[in-house]
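Trainee: Handing you a structure now.
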Amino acid sequence: MLPILLTSLAFLSVSVKSQITIVVNGTASHPIPSTLWGQMFEDISHSGDGGLYAELLQNRAFQMVDTTDQTTALNAWHSVNGAQLTVIEETVPVSSALPNALSVVIPSGSSGQVGVGNEGYFGIKVNSSDTYNASFFYRFPVASSFNGTATVGLQTSTGEFLGGINVTLSGSQTSWLQVNTTIQPTITPDSLTNNFTVTVDGAELAGQTINFAMFSLFPPTFKNRPNGMRIDIAETLSAMAPSFFRLPGGNNLEGQTVATRWQWNNTVGPLVDRPGRVGDWGYVNTDGLGIFEYLTWCEDLNMQAIMAVWSGFALGGTSIAEDDLGPYIQQAIDQINFAVGDPAESDAAALRASLGHPDPFPVVHVEIGNEDFFAADTYTYRWNQYITALQATFPNLSFLATSDTFNPILIPNPAEWDIHVYQTPSWFAENSFIYDGFERNGTHYFEGEYAAISTNSNDLFGTPADGRLTFPTMESSTGEAAFMTGLERNSDIVFAASYAPLLNHVVNSQWTPNLVSFDSGNVYPSTSYYVQQLFSLNRGDEYLPSTLPDADGTTFWSVVRKTSVVPNEIIIKVVNTVGAASNVTFQLPFSIEDTATVQLLTGAETDSNTPTAPSMVTPQHSSLVVGETFAYTAPGFSVSILTLITSA
Ligand code: LX5
């Protein structure tokens, strides 16, 4: 009977699950760069203003608004109890950077609290355990004998008072005066629909006008930094242990016009001196999150900055002519000097020192532009001029080109390239070997932006309809993970990689999917966030070659050794990009302890973390009995991190 039984069992094993045997090599092929996993940032979908940057008031200084269009100029502001609001071009502006002010007329016959309210960035989270720092500038354009108070507070959208404080206002104050105070709410409302208000006694001030400028409201910030970051988003990003932070963009570096490009020197110093700019994603950037805040953030998370400089091309199509690049290259030199220069040698570096940071910031890689394949014809001379000047001025820095690799040919030949790809999940799995074929000629690569952005069945690039994702799914996240095993295998030439975009406000987004979504009170890490986090928190110092995955297959893996711990750890990442489980057997050339830890992210193809199901898919921890040869079943649509301990 036995032969028949064995035959039938053998049949069963073949038809049910494929068996992949993976032989691991004990000799490392190359060290893995410490910068491999990091984050790409730009102010898109309110990633900065209304997101990571903790300012709670939207349109806080009426920057870049057209006073002939009051509806837009008053965006996020509303009248309280009949006050007449007008955004005006002030005859006596609070600063040359902020020409506009809010004129508040208290109508004759007013009574009760009258004034202004701000709804925040699509809501304001109010927490009675938090103390809020509020400020504004005011002046009476016509002096009056008024001596009284204004109430600075937080209210629900239905007018329930959540907390506030009275501050002194004087009618004799005809020049600008800044008021700084704190608000300690006594109530934590369930709703995020709350308002910041500044009101006065309508009867006392009936018929009078007060001008306001540069409002601001901050909750507690990450590391309690003034003008700092929103704690919950900052902590979510920090929990990825990123090694670099690309800033300030992406498209948002470039401007639609030369005049609206991002300019480092407009983003530094007192907030009242920052004009802001019309960003590239449909909203005004306050530039309260400026170069100093960006670079301080990098230090706070122990990250290198991959900092971009404007490269002479604006997205509206303008390239600066070859003979006119000088001032823009000088601005780039000043920007880099602000970050890393010697205060004794450079005014920009001296400015950094004057802000309390005499030492250089951690900048090693500087990117010349963004996606300059859109203007490849002029990038040839723009690259040549920028790199010639910058390399001579900063010989210790590395510079990245952003056009298509080797097309056009750039002189001098770039040592580093920033490559971007947005594709389908299957594209990422099918192209996990893309770097295996790259020549090893000393050139290094930054996979600066990548994400699976649609389904396979309705992909962006084919038919039928556009299957664009709103949030990552386990299909898209495992496609990215398959690609990342390739990046890790090729980390001898890939020195950095980052998913993009990093953040989006779910109420106002210009791009989906994103790594981390949020609203004004909650953060929603996606399935792709957990993939990025699993790779970043489970790094090795050196890569161990193994049996290569089938480039056309559906199961992918990478094996790294962590030599920075004793005993060394062997970290195996196994990715299954389809719904059927995948059986793998590992054969190791060294002895290991008999129990390994497993971190498993798995779910159904369309499983997704969303505001209504924020933790549908999160990493689960378990253990696995292992040996020099051991089997593992990778569930459908999964990323598994197997951590083994070597033994003597
Ligand atoms: C992409 C590429 C989304 C943006 C660009 C970045 O991350 O800002 O660098 O925009 S795109 O695809 O419209 O050009």
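The values are calculated or read from the model by the stated rules, or taken from the named source; none is laboratory data. Given the structure is predicted, the values throughout are model-derived calculations rather than measurements. Please note: Cβ atoms are built from the backbone with ideal geometry, for glycine as well, and neighbour counts cover all protein chains shown.
Trainee: Could you count how many residues in the stretch 145-178 are in contact with a helix residue (DSSP H, G or I) (Cβ under 8 Å, 6 or more places away or on another chain) and in a loop (DSSP other than H, G, I, E, B)?
Mentor: Qualifying residue count for the region: 1.
Trainee: Right, another one. Does residue 274 satisfy being within 15 Å of the ligand (Cβ to nearest atom), in the same structural domain as residue 374 (by TED's automatic domain parsing) and either over 17 Å from residue 47 (Cα atoms) or at pLDDT below 95 (or both)? Reasoning before the result, please.
Mentor: Numbers: within 15 Å of the ligand (Cβ to nearest atom): no; in the same structural domain as residue 374 (by TED's automatic domain parsing): yes; either over 17 Å from residue 47 (Cα atoms) or at pLDDT below 95 (or both): yes.
No: the conditions fail for residue 274.
Trainee: Filter the strands (runs of 3 or more DSSP E) completely within the stretch 500-549 down to those with at least 1 residues that are closer than 15 Å to residue 237 by Cβ and within 16 Å of the ligand (Cβ to nearest atom). Before you say what the answer is, go through the steps one by one.
Mentor: Working: elements: 503-505, 516-518, 523-525.
Strands (runs of 3 or more DSSP E) meeting the threshold: 503-505, 516-518.
Trainee: Among the residues of the stretch 335-364, write down those that are buried (at least 21 other Cβ atoms within 10 Å of the Cβ) and assigned to a loop (DSSP other than H, G, I, E, B).
Mentor: 341
One line per residue, one yes/no per condition, for (1) surrounded by fewer than 17 Cβ atoms within 10 Å (Cβ to Cβ); (2) of a type in the set (A, V, I, L, M, F, W, C):
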site: 410; (1), (2): no, yes
site: 415; (1), (2): yes, yes
site: 420; (1), (2): no, no
site: 424; (1), (2): no, no
site: 427; (1), (2): no, yes
site: 432; (1), (2): no, no
site: 440; (1), (2): yes, no
site: 447; (1), (2): no, no
site: 453; (1), (2): no, yes
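Trainee: Does residue 213 satisfy being touching a helix residue (DSSP H, G or I) at 6+ places or on another chain (Cβ under 9 Å) and either on the phi < 0 side of the Ramachandran plot or more than 16 Å from the ligand (Cβ to nearest atom) (or both)? It would help to see each step written out before you state the result.
Mentor: Working: touching a helix residue (DSSP H, G or I) at 6+ places or on another chain (Cβ under 9 Å): yes; either on the phi < 0 side of the Ramachandran plot or more than 16 Å from the ligand (Cβ to nearest atom) (or both): yes.
When the stated conditions are applied, residue 213 passes them.
Trainee: Next question. Residue 245 is checked against (1) surrounded by 23 or more Cβ atoms within 10 Å (Cβ to Cβ); (2) more than 16 Å from the ligand (Cβ to nearest atom) and fails just one. What number does that condition carry?
Mentor: (2)
Trainee: I would also like to ask the following. I need every pair where a residue in the stretch 252-263 that is in the same structural domain as residue 276 (by TED's automatic domain parsing) and of a type in the set (A, V, I, L, M) has its Cβ under 6 Å from the Cβ of a residue that is surrounded by 23 or more Cβ atoms within 10 Å (Cβ to Cβ) and outside any loop (DSSP other than H, G, I, E, B), sequence separation at least 6 or different chains.
Mentor: Between residues of the stretch 252-263 that are in the same structural domain as residue 276 (by TED's automatic domain parsing) and of a type in the set (A, V, I, L, M) and residues that are surrounded by 23 or more Cβ atoms within 10 Å (Cβ to Cβ) and outside any loop (DSSP other than H, G, I, E, B), the close pairs are 253/308.
Trainee: Which one of these is of a type in the set (Val, Ile, Thr), in the same structural domain as residue 366 (by TED's automatic domain parsing) and under 26 Å from residue 481 (Cβ atoms): 388, 405, 393, 443? Break it down stepwise before answering.
Mentor: Working: 388 fails: under 26 Å from residue 481 (Cβ atoms); 393 fails: under 26 Å from residue 481 (Cβ atoms); 443 fails: in the same structural domain as residue 366 (by TED's automatic domain parsing).
Step by step, each of 388, 405, 393, 443 is checked, and only 405 is of a type in the set (Val, Ile, Thr), in the same structural domain as residue 366 (by TED's automatic domain parsing) and under 26 Å from residue 481 (Cβ atoms).
Trainee: Just to confirm my filter: which strands (runs of 3 or more DSSP E) fall fully inside the stretch 365-476 and include at least 1 residues that are of a type in the set (D, E, K, R)? If you could, list the steps in order and put the result at the bottom.
Mentor: Working: elements: 398-401, 416-423, 444-452.
Filter on the stretch 365-476 gives 416-423, 444-452.
Trainee: Got a sec? Which of 141, 99 is within 18 Å of residue 60 (Cα to Cα), at pLDDT 95 or above and of a type outside the set (Gly, Ala, Ser)? Can you show your working first?
Mentor: Numbers: 141 fails: within 18 Å of residue 60 (Cα to Cα).
Sole residue among the options that is within 18 Å of residue 60 (Cα to Cα), at pLDDT 95 or above and of a type outside the set (Gly, Ala, Ser): 99.
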